Structure formats: structure tokens, C-alpha cells
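The values are calculated or read from the model by the stated rules, or taken from the named source; none is laboratory data. Being a predicted model, the structure only gives us computed values, none of them experimental. Quick reminder, even Gly has a Cβ in these numbers, built from the backbone with ideal geometry, and neighbours come from all protein chains shown. Ligands, DNA and RNA are excluded from the accessible area calculation, which covers all protein heavy atoms including side chains. Shrake-Rupley method; radii C 1.70, N 1.55, O 1.52, S 1.80 Å.
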Amino acid sequence: MLDLHTLSIVIHALSATGAFIVGIVLLFQSNTLRQLQLGVAFLVLLILMEVFLIIAILSHMTSLPGITQIIFGGLAILGLYMIWRAVQALLVLQEQGGNQLAVIDHIGFNLIALFDGFAIISAIDLQAPGWLVAVIAVGAVVIGIYAINVRKKMLTTENT
């Protein structure tokens, strides 16, 4: 039987993966109503991701070294900021003729953060040295920024 910590990690990871997929679909959706529906799903998945991250952290906080507690605290704060960005995207989508570039910025930030998290966790799980984890983290951000800028250019080209 799964313990609380393991179950929380599984639900956290599934929610993050779901948010990543929904976010990508949202960026390529042109129907505003569908974007809004996907935006709500994206927000719910981010909230689940955050809730289960906090449960996972709290379920074994006393066994974590101080620096790890600080890092996990920082990740929890990042998760709250990601939720705030998703709310901002929804607010833009609710406006008549909402600014699609702003939506891409908000959702794109979250996609980059999620992609970076996947890359970092994978590198750590593969026992990569610290310097390589750092290179992978920076590389994932660079790739993410590039991908979001390509999508912005595509949207600008579509609208001209």
C-alpha cells in the first residue's frame, strides 16, 4: 500500500504532466471558449499539483536536511506564482478580444517552469552531477523561451 508521501508525489507528478499537456493544447487553440475551458482545466491541475506538493513536503519535513527544506519551500512559492499566472491568463481570456500574446506569456511561463521541473527531476533521478543538473536546468529554460517565442511569431503571422 502506498504511503501518504508516495501517493502525494504520484498525484503531484500526474497533475503536473496533465497541466503541461493541457497548456500546450491551449496555446494552439484558436477558439476562445475552448481556450477558456482549457484554461480552467490548466488552473485546476496546477492547484492539484501545488496541494500535493505541499502534502508531500509536509509528510516528511522533519526528515529533510535544512537546505532541502528551503529548496522545497522555494518550489512551493514558485507553485503559488504559477497558479497566479494561470489566473491572469484566465482573466485575459475572459476579456472581449483578449490579448492572445499575454495569454501565451502567462501560460508559456508555466510551461517553461513545468518543462524545467521535468528536466531537473529526470537529471537528479539519473544521478547526474550537480553541474550537469544546472546546465540541464538552464538549457530547458532556453528551449522553453525559444518555443514560446516561436508560438508568438506564429500567432502574429496568423493574424496578419
Task: Pairwise label distance in nanometres, VAL135 with LEU58, each label 7 Å out on the Cα-Cβ vector - done: 4.0
Task: Å² of accessible area per residue within segment 6-160, as computed with a 1.4 Å probe and no ligands counted - done: 57
TODO: Multiply the residue gap between ASN31 and VAL44 by 0.36 nm, knock off their C-alpha separation, and tell me the result in nm, one decimal place.
DONE: 2.7 nm
Task: ³J(HN,Hα), Karplus 6.51/-1.76/1.60, whole Hz, each residue of segment 111-124, x for Gly, Pro - done: 5, 5, 4, 5, 4, 4, x, 4, 5, 5, 4, 4, 5, 5
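Round to the nearest 0.05 the FRET efficiency obtained for ILE77 and LEU2 when R0 = 25 Å and r is the Cβ-Cβ distance. Before the final figure, lay out each step's value.
Working: r = 27 Å, r/R0 = 1.08.
That gives a FRET efficiency of 0.40.
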Task: With Cα atoms, 0 to 90° folded angle of helix 32-59 axis to the chain main axis - done: 10
TODO: Would you mind calculating the gained length between ASP125 and GLN96 on full extension (0.36 nm times residue separation, minus the Cα-Cα distance), in nm to one decimal?
DONE: 5.9 nm
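When Rg is the radius of gyration of the Cα atoms in the chain and Rh is its Kirkwood radius, what does Rg/Rh come to?
Rg/Rh for the chain comes to 1.01.
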Open item on the list: Can you compute 3J(HN,Hα) from phi for each residue in segment 64-77, using the Karplus curve 6.51 cos²θ - 1.76 cosθ + 1.60 with θ = phi - 60°, rounded to whole Hz and x for Gly and Pro?
Closed with: 8, x, x, 5, 5, 4, 5, 4, 5, x, x, 5, 5, 5
Open item on the list: Within the chain, what whole-number % of the accessible surface is contributed by carbon and sulfur, with the 1.4 Å probe and all protein chains included in the calculation?
Closed with: 73
